[in-house]
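To start, the structure under review is shown below, and the notes come after it.
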Amino acid sequence: MKTDLILALDLDSYEEAKKWVNKLYPTVKIFKVGIQLFTSCGPKIIDFINKKGGQVFLDLKFFDIPNTVANAVKEAVRLNVKMITLHISGGQEMLRSAVKAASQEAAAIKKKRPLIIGVTVLTSKDTKLSGVLALAKIGIESGLDGVVCSAREAAFLRENIKRVFLIVTPGIRPEGVSANDQKRVATASQARKAGSNYIVVGRPILKAENPLDMAKRLLKELN
């Protein structure tokens with residue numbers, strides 16, 4: 001199983017984000033656009049990444065009434081992103097509405113539907129395996145393509161959910177790098193061995209003395 005690297009562009013300006021994409025692409029091919037950057041500069045950063053040749057993980061973690069989330073997901077489909085996130089705790093009706101809306105909109109505009117990924121429990125929180133498993137099962141049964149969880153839970157989910165699904169893992173910290181505000185952390189190789197398909201890395205690359213070398217180091221560790 002191949003595990004890919006996603007660079008988290010947790011930055012506050014379009015120009016700063018462009019700088020990092022230019023610096024690290026094509027070594028890094030997938031870039032996370034989260035609530036900070038999207039609030040700062042909106043869809044134009046997504047357009048820039050797409051034109052550059054990269055792919056976008058739109059991590060806005062939608063959580064609202066089903067109709068509102070469905071309409072937000074339609075807009076995300078039009079942005080031509082690779083993946084989008086929503087909170088599984090929003091409930092099955094919300095999740096199913098989102099999946100249906102994404103499929104219908106993608107068909108209408110003749111684009112590939114983005115992967116719909118459900119957030120279980122944020123890696124800044126402590127949690128129990130059983131709680132993550134319960135949420136993951138709800139998400140997969142509702143038609144999601146995968147879930148976000150820490151490496152600590154990934155292997156447990158693989159063992160207990162007998163279906164094909166993706167796992168996206170944040171909270172990755174190379175050996176010797178501070179966990180900062182994350183509580184459930186792991187190295188890249190630990191995440192790969194646990195069954196993660198994607199790891200999301202921000203500060204360990206952005207704050208590294210040589211960011212490109214750090215990205216290459218993580219990719220080597222993954223594959």
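Cut-off under 21 Å on the C-alpha distance; same-chain residues fewer than 8 positions from residue 44 excluded. Which lysines are left, in chain and number order?
Qualifying lysines at Cα under 21 Å: 18, 19, 23, 29, 32, 52, 61, 74, 82, 111, 112.
Apply the Debye scattering formula to the chain, with a single equal point scatterer on each alpha-carbon and no solvent, then give log10 I(q)/I(0) at q = 0.09, 0.12 Å⁻¹.
Treating every Cα as an identical point scatterer, log10 I(q)/I(0) equals -0.33, -0.61.
Return one whole number: the accessible area per residue of the chain in Å², for a 1.4 Å probe.
47
Could you grab the relative contact order for the chain? Cα pairs under 8 Å, six or more apart, rounded to a whole percent.
In percent, rounded to a whole number, it is 20.
Pop the C-beta distance of residue 210 and residue 125 into the FRET formula with R0 = 30 Å and round what comes out to the nearest 0.05.
E between residue 210 and residue 125, to the nearest 0.05, is 0.40.
So how do 76-89, 13-26 stack up, highest first, on mean other-Cβ count within 10 Å?
The densest-packed peptide leads the list: 76-89, 13-26.
Using a 1.4 angstrom probe on the protein heavy atoms only, line up 52, 100, 110, 128 by accessible area, largest first.
110, 128, 100, 52
Sequence gap of 8 or more, or different chains, plus Cα separation below 26 Å: how many lysine pairs satisfy both in the stretch 114-223?
Qualifying lysine pairs in the stretch 114-223: 21.
Given an 8 Å cut-off on Cα distances and at least 6 residues of separation, report the relative contact order of the stretch 1-73 as a percent.
Relative contact order here is 31 percent.
With a 10 Å radius around each residue's Cβ, average the other Cβ atoms per peptide and rank 195-201, 210-216, highest first.
Per-residue Cβ counts within 10 Å, averaged per peptide and sorted highest first, yield 195-201, 210-216.
Put 173, 152, 192 in order of accessible area, largest first, 1.4 Å probe: what do you get?
Accessible-area ranking of 173, 152, 192, largest first: 152, 192, 173.
Once you charge only the Cβ atoms, +1 for Lys and Arg and -1 for Asp and Glu, what is the size of the charge dipole of the chain about its Cα centre, to the nearest 20 debye?
My answer is approximately 640 debye.
So, taking all protein chains as they sit and a 1.4 Å probe, how much accessible area belongs to residue 59, in Å² rounded to tens?
10
The values are calculated or read from the model by the stated rules, or taken from the named source; none is laboratory data. Predicted model, so just to flag it, every value in this text is computed and none were measured. All Cβ positions, glycine included, derive from the backbone under ideal geometry; neighbour counts span all protein chains shown. In case anyone asks, the SASA skips ligands and DNA or RNA and just uses the protein heavy atoms, side chains included. Shrake-Rupley method; radii C 1.70, N 1.55, O 1.52, S 1.80 Å.
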